[in-house]
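The values are calculated or read from the model by the stated rules, or taken from the named source; none is laboratory data. Keep in mind that what you see is a predicted model, and the values were worked out from it rather than measured. Backbone-built Cβ (ideal geometry, glycine too); neighbour counts: all protein chains shown. Ligands, DNA and RNA are stripped out before the accessible areas are found, and what is left, the full protein with its side chains, is counted by its heavy atoms. Shrake-Rupley method; radii C 1.70, N 1.55, O 1.52, S 1.80 Å.
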Amino acid sequence: MPDVHLSFASIITDDIVGLSNFYADLLGLEEVVSLRSEHFRGLAMGETILGFSTPKAYELLNLRAPAEVSGTVQFLTFEVPTESEVDTLTAAATAAGAQCVAAPQRTYYGAWQSVLLDPKGNAFRVNHLGGDHLGIAPHGVDDDSV
């Protein structure tokens, strides 16, 4: 099996500076200054770069731009070590300008989770699942016994 990991998770926004600052301040992340351009900001998050691209990314990537640049077409989930950190980070996010659309609560699969919209309307979750939650089965196996 190839050694693959998620290298970038990007949000397209008309305010890369403001939105990257929102997440940097909220999550305590550092900017990867070597990636900075007029069209991109990136924040280091383990092996993954949390990226913020201007709408120019659609053209650069040869993708069709949607009618709206902000709002939910995908969402990010930030895993935290404890349930109390979900509560704390949710409060910090709302104090920083996020809108809480689902207060911290137990999900049907046992996670403690909140759902928020960042200042540009992009959905994100603050989550604590705990334990061995990945339950990864070998490729091609769709069986609860694995």
*Regarding region 6-88, what are the three Cα extents along the principal axes, ordered largest first, in Å?*
41, 28, 24
*asked:* Suppose accessible area is computed on protein heavy atoms with a 1.4 Å probe; arrange His5, His128 from highest to lowest.
replied: His5, His128
*For region 1-62, what % of the accessible area comes from carbon and sulfur atoms, probe 1.4 Å?*
53 percent
*Quick one: order Ser34, Ser53 from most to least accessible surface, probe 1.4 Å.*
Ser34, Ser53
_Net charge over other residues, Cβ less than 15 angstrom from the Cβ of Leu29 (K, R count +1; D, E count -1)_ = -4
*If you stretched the chain out fully between Glu47 and Ala102, how much longer would it get, using 0.36 nm times the residue separation minus the C-alpha to C-alpha distance?*
16.9 nm
*How many nm separate the modelled label positions at Tyr109 and Ser10, each set 7 Å beyond the Cα in the direction of the Cβ?*
2.6 nm
*Using a 1.4 Å probe, what is the accessible area per residue for region 11-78, in Å²?*
59 Å²
